[in-house]
Amino acid sequence: MTPPPSSLDRPRASSPSGPTPLPVLGGAAALLALVLIACGPAPDEPLRRWQVEAADLARGRQLMAQYQCGSCHAVPGVPGAGRRAPALEHFGRRSYIAGQLPNTPETLQRWLLDPPGLLPGTTMPRLGLSERDARDIAGYLMSLR
């Protein structure tokens, strides 16, 4: 008695036009890779997740002058060149606020509203900012790349 034929012994079905040649598949994969690369952000475009939604950057810079942030911090575009606190140049590139809090737009706004509430013992005082003021100042600081 002979064993029944296995699926390996059966001829494979092919498409009406025959098997797809490998060079065509390689070209399609390369084209797909190029399309996916083109969909990414432009190298100079700031990442949206680090932008503060609806912030008025010019107002944020003006508020920093009004609240005299330059008396403690050196801040580009803000009068004063304080040395008692860290310089805020390139603040938008920093990983941490006050060396301990993740530097995200949301955390920065909370920090500006109540520094001692987020980090007890900090020398950064409560400035009495409104939510809008904190949003605009955070927007300006995050733009300092």
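Data overview
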quantity: Those residues of the stretch 67-117 which are surrounded by 15 or more Cβ atoms within 10 Å (Cβ to Cβ), not in a loop (DSSP other than H, G, I, E, B) and not aliphatic (A, V, I, L, M), in sequence order; calculated: C69, G70, F91, G92, P105, T107, Q109, R110, W111, P115
quantity: Identity of the residue in the stretch 125-145, free of Cβ contacts under 8 Å to residues at least 40 places away in the same chain and part of a loop (DSSP other than H, G, I, E, B), that ends up nearest to the chain's Cα centre (by Cα); calculated: S130
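Taken together, the values in this text are just the output of simple stated rules run on the coordinates, not laboratory data. All values reported here derive from a predicted model rather than from experimental measurement. Heads up, the Cβs are rebuilt from the backbone with ideal geometry, glycines too, and the neighbour counts pull from every protein chain shown.
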